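The structure appears right after this line, and notes come after that.
The numbers here are math on the coordinates, done by the rules we state, and not lab data. Just so it is clear, the model here is predicted, and its values are computed rather than measured.
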Amino acid sequence: ISLEVGEVYGFGEPMLAPGDPPRGWLRVLPAGSSPSLEYWHRMASIDWKRFLYDEDATGLEFFVDLRDRISAEFEPDLLLIDSRTGITEIGNVATSVLADKVVCIVADSAENLEGSRAVLRGLRRHRRLSDSALLEMRIAVSRPHPSIPLSTRLDAIRTFLEEPAEMLDATLSIGTPY
């Protein structure tokens, strides 16, 4: 799907209106020097249970402070956090502590859609830390099947993701994927 400058697809007002000259900047803050061996050793050495879940855990305060420092120092209009795929501690922090909105990029394969649906159903009950509202979730499809018309495939993906869950409050309502 290609977007023209100024088009809006459910995420608020466009940053640029049609005809506006380009402005702003994009800054990438890497989480580390992945895929270096040192990066993976450091990640593996974190005791996530102690950091996030123990009685005297300081992880929540750490991540809230990190979010606030990024906001104060860079004043971003939009902050995108690329979290690890699947159900992980850092993915949970990125979606339940740091996020106001979640954009889940799914590959158009049965395995990826099954896993994404499980993760999204888990997020369905999460509330934003900032105001306790439910997380807004959007789906973006990566590499849709070229042999099937895009609108047909997006409808099929939406239908699959929105199938009723065993626990009805986990059933998703995602709207049309991008």
Over the range 120-178, relative contact order from alpha-carbon pairs under 8 Å, at least 6 apart, %:
41
Under 5 Å between amide H atoms, partner at least 5 residues away or on a different chain: which partners does MET137 have, H built in plane at 1.01 Å?
VAL102
Please work out, to two decimal places, the log10 of the ratio I(q)/I(0) at q = 0.11, 0.14, 0.17 Å⁻¹ from a Debye calculation in which every Cα of the chain carries one identical scatterer.
-0.60, -0.97, -1.33
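Where the eigenvalues come from the Cα gyration tensor of the range 136-178, what are the semi-axes √(5λ) of the equivalent ellipsoid, largest first, in whole Å? Walk me through the numbers before you get to the answer.
Numbers: eigenvalues 96, 24, 10 Å².
For the range 136-178, the semi-axes come out at 22, 11, 7 Å.
Run the helix sum for the chain: -39,500 (n - 2.57) per DSSP H stretch of 4+ residues, divided by residue count, reported at 222 nm to the nearest 500 deg cm²/dmol. Working shown, then result.
Values: 5 runs with 58 residues, N = 178.
Dividing the helical sum by the residues of the chain leaves -10000 deg cm²/dmol.
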Applied in sequence order to the range 137-143, the curve 6.51 cos²θ - 1.76 cosθ + 1.60 (Karplus, θ = phi - 60°) yields integer Hz couplings, x standing for Gly and Pro, of 10, 10, 10, 10, 9, 9, 6
Contact order normalised by length for the chain, with contacts defined as Cα pairs under 8 Å and 6 or more residues apart; what percent is it?
14
Mean Kyte-Doolittle hydropathy of 0.0 or higher plus an axial Cα length of 15 Å or more: which whole DSSP H helices in the chain meet both?
59-74, 150-161
